[in-house]
Structure formats: structure tokens, C-alpha cells
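Sharing a structure below in C-alpha cells format, with a few things to ask.
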Amino acid sequence: EPEVTQTPSHQVTQMGQEVILRCVPISNHLYFYWYRQILGQKVEFLVSFYNNEISEKSEIFDDQFSVERPDGSNFTLKIRSTKLEDSAMYFCASSTLGPANTGELFFGEGSRLTVL
Amino acid sequence: KNQVEQSPQSLIILEGKNCTLQCNYTVSPFSNLRWYKQDTGRGPVSLTIMTFSENTKSNGRYTATLDADTKQSSLHITASQLSDSASYICVVSAKTGTASKLTFGTGTRLQVTL
């Protein structure tokens, strides 16, 4: 069964360092997303990506964050200068239809980021 | 502001028993409502997706209901199993022009015991 894969599963970094989280969405999907979940809290939307551009982003997704689909398969989230409060589980998701439709959203297993 | 509230926050039940989880939302304009199961440290997995016109939807031992008038949904789990132990998250989608996003609830942490 096709699945969304994420790497790394866990990354530990020093505050101020750049981090790139990678995702390989399901191949025929058109919509891509990044979410984050701080330990013990709810899942929060970061950004949606469609047709090679950001379609929507939340207030969390500030200038320190960027997304890219460099080669038509990978979908990356970059955090330029990490802060302690960026420590969270980051989930990539993909779907064939936008979430306003009933297209199922498939999540990856997550990348746990720990900022020291 | 769009919000999704879930209750109870946590629940412990014996294996084989049934349980019902609740979700209230204030998302507008409403597009659809989803229930996800999230095992600890894993990504959420979709259980059901319901639109405005659907009142009930089942997926095996999981049955979701939706009352769009009162903006409430429930997830009923029948004959619970140990593997049902997880967080169950209610997620509501708002349709806002050409873009939309999902609003997640905080989840109900279910523990099924022997």
C-alpha cells in the first residue's frame, strides 16, 4: 500500500542551526502539507502546497520556515534558524484532492525534532 | 475563530466494551469532518470522512455520526480491543474560497485494558 515516508525519524539540533525535514508523498497525490504537533498538544497546520507553490500557510509558518519540492518527488520543510520552541513532531501529509473536498489525507510517521 | 472541542480528554475502558467519543465544532463554513486514530508517536490514520449531508458513517467497529445543525459529531467504538488504545482526533475542514485547512481537536486518549 502506498505511503508517505519521512526522514529523518528523529533529529537533534542546536538552537540556531538549520534543519531540513524530508518527505516523499504518495506518487499520484497533488496536495502536500506540513503539520506539527508539540508534545501533548494538538496537531497544528503549517502550510499547504499545490501546483508547485504555497496555497496556504498559518501564522506559525513565518520567515524562518520554507518548503520546496525540488525534484518532483521530495517535499521538504526547512527551518533556517531553529528555536527551542520548534521542538515538535513534524508530519508531512498528501492527498489527491484538497481538504475542502473529501479526499483522504495520508500522513507520514513524522519527524521528531529536538532543539537543544 | 474555528475551534474543535473533544470530550472526554481521556477514557479507560475494559476490552470488549463499547465507548462513545464526542466532538463539538465551530468551524464555518463547514466542508467536512474527519475522525483520525493516532497511535503514540505515529502519524494520524483516517477512520471516516463525513460531509454535510451524511449523518452516519461506519468503518468496521467504528461508527461516526454528524449533526450539522448542532455542530456535533460522535465516534462510537464497538467491542473494543487492546489495539484500539490510541488518541482519537476529530478534524473539521472549512472551505474558505480556493484554500482550506483542517482544524484539529486536542483528541481523546483511549486506553483499553484487560
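Computed from the coordinates by the stated procedures, all read-outs in this text should not be read as laboratory data. Quick caveat, the model's predicted, so the values are computed rather than measured. Ideal geometry is used to build each Cβ from the backbone, glycine not excepted, and the neighbour counts take in all protein chains shown.
Within 10 Å of each candidate Cβ there may be at most 14 other Cβ atoms; applying that plus a DSSP loop requirement, which trypsin sites (Lys or Arg not before Pro) in region B:7-114 survive?
For trypsin sites (Lys or Arg not before Pro) across region B:7-114 that sit outside H, G, I, E and B with at most 14 neighbouring Cβ atoms in 10 Å, the list reads B:Lys17, B:Arg61.
Just to check I understand the Karplus step: with θ = phi - 60° and J = 6.51 cos²θ - 1.76 cosθ + 1.60, what whole-Hz values come out for region A:16-31, glycine and proline as x?
Whole-Hz 3J(HN,Hα) from phi for region A:16-31: x, 7, 8, 10, 10, 9, 10, 9, 10, x, 5, 4, 9, 7, 10, 10.
Among B:Leu11, A:Leu30, B:Ser74, flag the residue with its Cα farthest along the positive direction of the charge dipole of the protein assembly as shown, charges on Cβ as +1 for Lys/Arg and -1 for Asp/Glu.
Highest projection toward the positive end goes to B:Leu11.
Decide, for region B:40-106, between rounded, prolate and oblate: order the square roots of the alpha carbon gyration tensor eigenvalues as a ≥ b ≥ c, take rounded if a/c falls under 1.5, and otherwise choose prolate if a/b is larger than b/c, else oblate.
Because a/c hits 1.5 or more and a/b fails to exceed b/c, region B:40-106 counts as oblate.
Which listed residue (A:Leu21, A:Ser87, A:Val47) has the Cα farthest towards the positive end of the charge dipole for chain A, taking +1 on Lys and Arg C-beta and -1 on Asp and Glu C-beta about the Cα centre?
A:Ser87
Further, regarding this structure: Could you give each residue of region B:65-80 its phi-based ³J(HN,Hα) in whole Hz, using Karplus coefficients 6.51, -1.76, 1.60 with θ = phi - 60°, and x for Gly or Pro?
10, 9, 10, 6, 6, 8, 6, 10, 9, 9, 10, 9, 10, 9, 6, 4
Sticking with this one: In the protein assembly as shown, how many lysine pairs have Cα atoms under 22 Å apart, counting only pairs 8 or more places apart or on different chains?
Pairs that pass both the separation and distance tests number 26.
Loop only per DSSP, at most 11 neighbouring Cβ atoms within 10 Å: give me the trypsin sites (Lys or Arg not before Pro) in region A:67-109, ordered by residue number.
Loop-located and lightly packed - A:Lys83.
Work out the mean other chain Cβ neighbour count within 10 Å for the residues of B:83-96 and drop it here as an integer.
Partner Cβ neighbours, averaged per residue: 2.
Below 8 Å between Cα atoms, with a sequence gap of 6+, how large is the relative contact order for chain A in percent?
So the answer I get is 38 percent.
So, one more: With θ taken as phi - 60° and the coefficients 6.51, -1.76 and 1.60, list the Karplus ³J(HN,Hα) couplings across region A:4-9 in order, rounded to whole Hz; mark glycine and proline as x.
Those phi angles translate into 8, 10, 10, 9, x, 6 Hz.
For the protein assembly as shown, with only Lys/Arg (+1) and Asp/Glu (-1) charged at the beta-carbon, what is the dipole magnitude about the Cα centre, in debye rounded to 20?
Taking the Cα centre of the protein assembly as shown as origin, the dipole is about 280 debye.
Cα centroid distance between region A:70-114 and region B:41-114, in Å?
Computed from Cα coordinates, the inter-centre distance equals 21 Å.
Is there a quick way to get the dipole size of chain B? I mean about its Cα centre, with the Cβ of Lys and Arg at +1 and of Asp and Glu at -1; what is the value in debye to the nearest 20?
260 debye
I've got another one for you. Considering amide H positions built from the backbone, and no H for Pro or chain starts, which residues 5 or more places from A:Gln17, or on another chain, come under 5 Å of its amide H?
A:Thr82
Shielding of A:11-17 by partners, i.e. mean partner chain Cβ atoms within 10 Å per residue?
0
Which cross-chain or sequence-distant (5 or more) residues have an amide H under 5 Å from the amide H of B:Asn59, H modelled 1.01 Å from N in plane?
Correct list: B:Ala64.
Taking each residue of A:29-35 in turn, how many C-beta atoms of other protein chains fall within 10 Å of its C-beta, and what is the average?
The per-residue average across the peptide is 1.
Please give the direction-averaged projected area of the C-alpha convex hull for the protein assembly as shown, in square nanometres with one decimal.
The orientation-averaged projected area of the Cα hull of the protein assembly as shown comes to 12.6 nm².
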